[in-house]
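S.K.: The structure's right below; bear with me while I get my questions together.
The values are calculated or read from the model by the stated rules, or taken from the named source; none is laboratory data. Note that this is a predicted model, so its numbers are computed, not measured. Note that we place each Cβ from the backbone using ideal geometry, even for glycine, and neighbour counts take in every protein chain shown. Accessible surface areas use protein heavy atoms only, side chains included; no ligands, DNA or RNA. Shrake-Rupley method; radii C 1.70, N 1.55, O 1.52, S 1.80 Å.
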Amino acid sequence: MVVWYGETKTLPYFPPASVLLAGAFPAGGSFPPFCQYAILFVVCLICIMPRKPVRHCRPARCLPLSFSPFARSMAQIASNNKVAHKVQNPRFPGNNLPTSSGKRMVNHELIDKSEDSGSSDDEEFDGTVQADFEFFDPKPSDFHGVKILLQTYLDDKQWDLSGFVDVILGQPTVGTVIKIENDDDDGIYSIVTALNLGRYKDLACMAALKEFLLKACRQKDVFSKLSLFVGDQAKDVGLLVSQRVVNLPPQLLPPLYDALFDEVSWATEDEPTKELRSSFCFKFYLVISKIYKHKNADKQNGPSGDQTIVYIKAEDEIFYELSSWSFSFPLHTQLVRTDELKDYLLTGLVMAIDASNIPVFRQKLHSLIDQ
């Protein structure tokens, strides 16, 4: 048996090395017994290597949470030039900050422990820790953590959220959750996946989601396009679900989305049935997200340009730029706002993105985070 990325693999029976190698090399060639078995061992490892091993990323320096020119400046003011990450962890004291799901969670700081930091074991512990993030396939034990992140996915609507989470966790080949390495609480810091609207159309949770979107859309020109997306074209549409704690290090975003779209591509080839493989051949993606929109944005004398919107998620600005259509709608759920955002309201944003634009999205996201 061989342990590979935490999984125990049982090797099949092999004949003697000399027999296996006899057909792979010309007659007259010979290898010492040790070399023969060394080569076979390497071949075995390659054969059992999973296509998608556990992925590991370590955060680097902190970047602003929003990336439009105006939002970037506001985020910089709010952060007071701090170079620290803050992530949820109920075991350490800290300030209660809202997550992207609207829940309030205890946070602690993540700082760069350089040689000149002057830290000492004798100093009083202030809740500052160093953490490593890891990517995992969704599994049933992630249910409660994912449900917390999605608590306000459809604003304050009462719907079958548990059923929706079950759908996400029931699709382990496409989707990723982020956790902290060796975290006893096994908390979920992010979930990203893509669900085929047509495949799950008969489920109560998907019917409620469809009803919510159609009711929220007040733009007549967009309503007809949305109706097609959730109706006749549903089998070609992937609902891109992406929720995370609001202060997750942005350096994790490029590998997170790269993993998602790579998995979608693999699923079109690797799923066991033709029906399943076809269900990941997305032509479009539908994104439901949230932004901060100026309360006077739609008025004639209101602000214009970049000052009307603050993107909570960096990638949403790119999605919006690449979207073929979109609409926004007011939300009943409002997060605690800073002084810089006192004139802004939390607003729902729905975007439709052609799948052909995903390579451009991935490139732009890498460029944005690498700046």
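S.K.: Over 19 Å between Cα atoms: which of Lys293/Lys364; Lys235/Lys313; Lys225/Lys283; Lys157/Lys215 fall into that group? Please report the intermediate quantities before stating the final value.
M.R.: Details: Lys293/Lys364 23 Å; Lys235/Lys313 27 Å; Lys225/Lys283 14 Å; Lys157/Lys215 12 Å.
As for pairs spanning more than 19 Å Cα to Cα, those are Lys293/Lys364; Lys235/Lys313.
S.K.: Another question, then. I need the calculated FRET efficiency for the pair Lys139 and Thr273, taking r as the beta carbon distance and R₀ as 22 Å, to the nearest 0.05.
M.R.: Numbers: r = 22 Å, r/R0 = 1.00.
Between Lys139 and Thr273 the formula returns 0.50.
S.K.: Quote the accessible area belonging to Phe164 in square angstrom, nearest 10, computed with a 1.4 Å probe and with ligands, DNA and RNA left uncounted.
M.R.: 0
S.K.: Can you work out the FRET efficiency for the pair Trp325 and Ala204, with r the C-beta to C-beta distance and R0 = 22 Å, to the nearest 0.05? Kindly include the intermediate steps, with their values, before the conclusion.
M.R.: Details: r = 27 Å, r/R0 = 1.23.
Calculated transfer efficiency: 0.20.
S.K.: By how many nm would the segment from Ser356 to Lys235 grow when fully extended, if each residue of separation counts as 0.36 nm and the alpha-carbon distance is taken off? Intermediate results must be reported in sequence, preceding the final value.
M.R.: Working: separation 121, 0.36 × 121 = 43.56 nm, distance 1.66 nm.
Here the segment from Ser356 to Lys235 would lengthen by 41.9 nm.
S.K.: Continuing with the same structure: Evaluate the charge dipole of the range 186-287 about its Cα centre and quote only its size in Debye, nearest 20, assuming +1 on the Cβ of each Lys and Arg and -1 on the Cβ of each Asp and Glu. Provide the component values of the computation, followed by the final result.
M.R.: Numbers: 12 positive and 13 negative charges, 124 e Å.
Computed about the Cα centre, the dipole is about 600 debye.
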